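Colleague: Okay, here's the structure, questions in a sec.
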Amino acid sequence: MSEYDKPRLGATSQKVILLLLAGISLGLSNSPRGQWRILKSLSKEWKRINRQELYRSIRRLYESKLVDCREHRNGSISMVLNESGRRTALHYKLDEMCIPKPTKWDYKWRVVLFDVPEKKKKLREALREHLKQLGFIKLQKSVFVHPYECQSEIDFIIEFYNGRRFVRFMETVYIDNEIDIKRKFDLL
């Protein structure tokens, strides 16, 4: 779907899509801290939605084919993001994504490595750009480092660009030039 083919969504529709995506993220998150962060943001956003606007947005989302509705035997209906809706949600989430700074550093480095073939050069450039926007520091051409918990953010980026097979994420407690890196992140 090109940028011009994407349906134009209002603020409430965008929130609904992000809330549905957050439910998916919650199910995929292994970290209790990450799950708590997701639940906390879900609750805040849900309370901010005007109910009448919510019903109109749900109808528009269904008509725009970003969600699928499933009717259950008990009469309830479930809304599920389809592939197009998930990509749209990830697009909106990428625009506002940031890595929260904890009150205390856990002395772990988060390292993202990627080896993207030349024929997928745009993916490689997009990964670099997003990592820089998130505050990562470049160690080498395709190796970036950050001091704070960010696995779910990296997973969003990887899923959005369908680049899972090219990207590796790891945590480490030691990097040989970490004094320079600590200085760049104001951790000294």
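The values are calculated or read from the model by the stated rules, or taken from the named source; none is laboratory data. These figures come from a predicted structure and were not determined experimentally. We place every Cβ from the backbone using ideal geometry, glycine too, and count neighbours over all the protein chains shown.
Colleague: Residues that are modelled with pLDDT under 90, out of contact with any helix residue (DSSP H, G or I) (no Cβ under 7 Å at 6 or more places or on another chain) and surrounded by 11 or more Cβ atoms within 10 Å (Cβ to Cβ): list the helices (runs of 4 or more DSSP H) wholly contained in segment 88-188 that include at least 2 such residues.
Modeller: Hits in segment 88-188: 151-161.
Colleague: List the number of the failed condition for Ser57; all other conditions in (1) at pLDDT 90 or above; (2) in contact with a Ser or Thr (Cβ under 7 Å, 6 or more places away or on another chain); (3) among the polar types (S, T, N, Q) hold.
Modeller: Exception for Ser57: condition (1).
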